[in-house]
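S.K.: One structure coming up, written as structure tokens, with questions to follow.
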Amino acid sequence: MGTQMVDAMRGDAPRYRAPGLRDWLFTPFTYIAGAPALAIGLAAILLAGLAGSFSYTHFDGVLDMHTGLVAALWVFPAEGIIAWLSLAVILYFLGRIVSKSAFRAMDLFGTQAMSRWPMLIPATAALAPAYQRFARALPQRLIAPGGASALPLMDALIFGAVVLVTIAAVVWMVALMYRSYCVCCNLKGGRAVGTFIGGLLAAEVIAKVALWLAVVR
Amino acid sequence: MPPLPIQCPSCGVGLAVKRMACPHCGTEVEGVYELPSLARLARDDQAFVLEFVKASGSLKEMARLLKVSYPTVRNRLDEIIERLKEAEPKDGHSDG
């Protein structure tokens, strides 16, 4: 925990600085964890899945977002739940191995769920009709470059903007996942970075296998 | 009353108590006495420990009082425990 978090201590009673917008966006787990974080996270996962069901946007992996595949309504939130659990379970076991602190599973699972809330942004942005038109037309254009009609420039620009927003949201989500891991397991430095990256890669593989077993097969 | 200085302002080494006085009769005792482990903590750490004891050692209650999350409080406590361990004399004798 950084000293900036406790720099407002005055007098006899320890005090923490009241969280500002920046704290809520990038270091929320200093202030919220456990059941409240789990409730917020599950709501965000379900809402992102619901929005994704309208735009056929799938969160089919820990870090993945793909658009276009038509599927049953239950598939969309199920993908988010699988992606969340894959990483949370892996980080839980890694935390148990490398952390010297005793930590609560509820804190890690709750904050990992809440870390996925930035996915609401691309899920909503993907509802834009221009994005939908371009996403549908792009594969045909790639298969038959000369055959399909020209794609409108505005659609292409909006598609590009949604892609950029998605990349930013994924980076933000990963940053939150890392903060969650550090705060809940009391880890920092190389040990935290190394095990988090390893856990992220392993979780991506596990999520893909779990999604294949649960949804595709 | 100013806060108890715990580190030498010149070299940074932990200070020892050299003289104590009775505020009632003025009797003074001189020697070299080690500060207790808790007194060697930073002032904000001491305040945290005091509040923690007042909260009956409940991390949940501390989190509620400080308006931070449970793991934030627990990490803070772990840090203080580490500092207390570092402050303990090497021969294992604890005076705190």
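S.K.: Taking the stretch B:30-49 as the search range and keeping residues that are assigned to a loop (DSSP other than H, G, I, E, B) and within 14 Å of chain A (Cβ to nearest Cβ), which one is surrounded by the fewest Cβ atoms within 10 Å (Cβ to Cβ)? Quick ask: steps written out before the conclusion?
M.R.: The initial filter retains those residues of the stretch B:30-49 that are assigned to a loop (DSSP other than H, G, I, E, B), namely B:34-37, B:41-42.
From the residues that got through so far, the ones that are within 14 Å of chain A (Cβ to nearest Cβ) too are B:41-42.
Numbers: B:L41: 20, B:A42: 14.
Of everything passing the filter in the stretch B:30-49, B:A42 is surrounded by the fewest Cβ atoms within 10 Å (Cβ to Cβ).
S.K.: If you go through the stretch B:73-87, how many residues are of a type in the set (A, V, I, L, M) and more than 10 Å from every other protein chain (Cβ to nearest Cβ)?
M.R.: Our first condition is that a residue be of a type in the set (A, V, I, L, M); within the stretch B:73-87, this holds for B:73, B:77, B:80-81, B:84, B:87.
The next check asks that each one be more than 10 Å from every other protein chain (Cβ to nearest Cβ); those that pass are B:80, B:84, B:87.
The number of residues fulfilling the criteria is 3.
S.K.: So, in the stretch A:1-56, of the ones that are under 30 Å from A:R136 (Cβ atoms) and surrounded by fewer than 20 Cβ atoms within 10 Å (Cβ to Cβ), which residue ends up modelled with the lowest pLDDT?
M.R.: Let us first name the residues in the stretch A:1-56 that are under 30 Å from A:R136 (Cβ atoms), namely A:43-56.
The next check asks that each one be surrounded by fewer than 20 Cβ atoms within 10 Å (Cβ to Cβ); those that pass are A:43, A:46-47, A:50, A:53-54, A:56.
Details: A:A43: 97, A:L46: 95, A:L47: 95, A:L50: 94, A:S53: 91, A:F54: 90, A:Y56: 87.
The selected residue is A:Y56.
S.K.: From the list A:L87, A:L91, A:L127, A:L73, which one is within 20 Å of A:L211 (Cα to Cα), in contact with a helix residue (DSSP H, G or I) (Cβ under 7 Å, 6 or more places away or on another chain) and not in a helix (DSSP H, G or I)?
M.R.: Exactly one of A:L87, A:L91, A:L127, A:L73 is within 20 Å of A:L211 (Cα to Cα), in contact with a helix residue (DSSP H, G or I) (Cβ under 7 Å, 6 or more places away or on another chain) and not in a helix (DSSP H, G or I), namely A:L73.
S.K.: Could you check how many residues of the stretch A:155-205 are at pLDDT below 95 and at positive phi?
M.R.: Of the residues in that region, 1 qualify.
S.K.: Out of the residues in the stretch B:63-72 that are farther than 18 Å from A:C182 by Cα and at the interface with chain A (Cβ under 9 Å from one of its Cβ atoms), which is surrounded by the fewest Cβ atoms within 10 Å (Cβ to Cβ)? Please lay out each step first, then the result.
M.R.: We begin by selecting, within the stretch B:63-72, every residue farther than 18 Å from A:C182 by Cα; these are B:64-67.
Keeping just the survivors that are at the interface with chain A (Cβ under 9 Å from one of its Cβ atoms) gives B:65-67.
Numbers: B:L65: 17, B:L66: 20, B:K67: 12.
Filtering first and then ranking leaves B:K67.
S.K.: So, in the stretch B:6-28, of the ones that are assigned to a loop (DSSP other than H, G, I, E, B) and surrounded by 10 or more Cβ atoms within 10 Å (Cβ to Cβ), which residue ends up modelled with the lowest pLDDT?
M.R.: Narrowing the stretch B:6-28 to residues assigned to a loop (DSSP other than H, G, I, E, B): B:6, B:8-13, B:15-16, B:22-27.
Now narrow it down to the ones that are surrounded by 10 or more Cβ atoms within 10 Å (Cβ to Cβ): B:6, B:8, B:15-16.
Numbers: B:I6: 83, B:C8: 89, B:L15: 88, B:A16: 90.
Per the stated criteria, the residue is B:I6.
S.K.: Taking the criterion of being among the small types (G, A, S), under 23 Å from A:L120 (Cα atoms) and under 20 Å from the mean Cα position of the chain (by Cα), would at least one residue in the stretch A:182-202 satisfy it? If you could, list the steps in order and put the result at the bottom.
M.R.: Step one: list which residues in the stretch A:182-202 are among the small types (G, A, S), which gives A:189-190, A:192, A:194, A:198-199, A:202.
This time we only want the ones that are under 23 Å from A:L120 (Cα atoms), so: none.
The answer is no; no qualifying residue exists.
S.K.: Suppose we keep only residues that are part of a helix (DSSP H, G or I) and more than 17 Å from A:S86 (Cβ to Cβ) within the stretch A:186-217. Which one would you say is farthest from the other protein chains (Cβ to nearest Cβ)?
M.R.: Out of the qualifying residues, it is A:G194.
S.K.: Restricting the stretch A:98-117 to residues that are touching a residue at least 60 places away in the same chain (Cβ under 8 Å) and surrounded by fewer than 15 Cβ atoms within 10 Å (Cβ to Cβ), which is nearest to the other protein chains (Cβ to nearest Cβ)? I'd like the intermediate steps shown before the answer.
M.R.: Taking the stretch A:98-117 as the starting set, the residues that turn out to be touching a residue at least 60 places away in the same chain (Cβ under 8 Å) are A:98-101, A:103-104, A:106-117.
Those left that are additionally surrounded by fewer than 15 Cβ atoms within 10 Å (Cβ to Cβ): A:98, A:100.
Working: A:V98: 14, A:K100: 8 Å.
Looking at the filtered set, the residue picked out is A:K100.
The values are calculated or read from the model by the stated rules, or taken from the named source; none is laboratory data. Please read these numbers as outputs of a predicted model, since none were measured by experiment. Glycine gets a Cβ as well: all are built from the backbone with ideal geometry, and neighbour counts include every protein chain shown.
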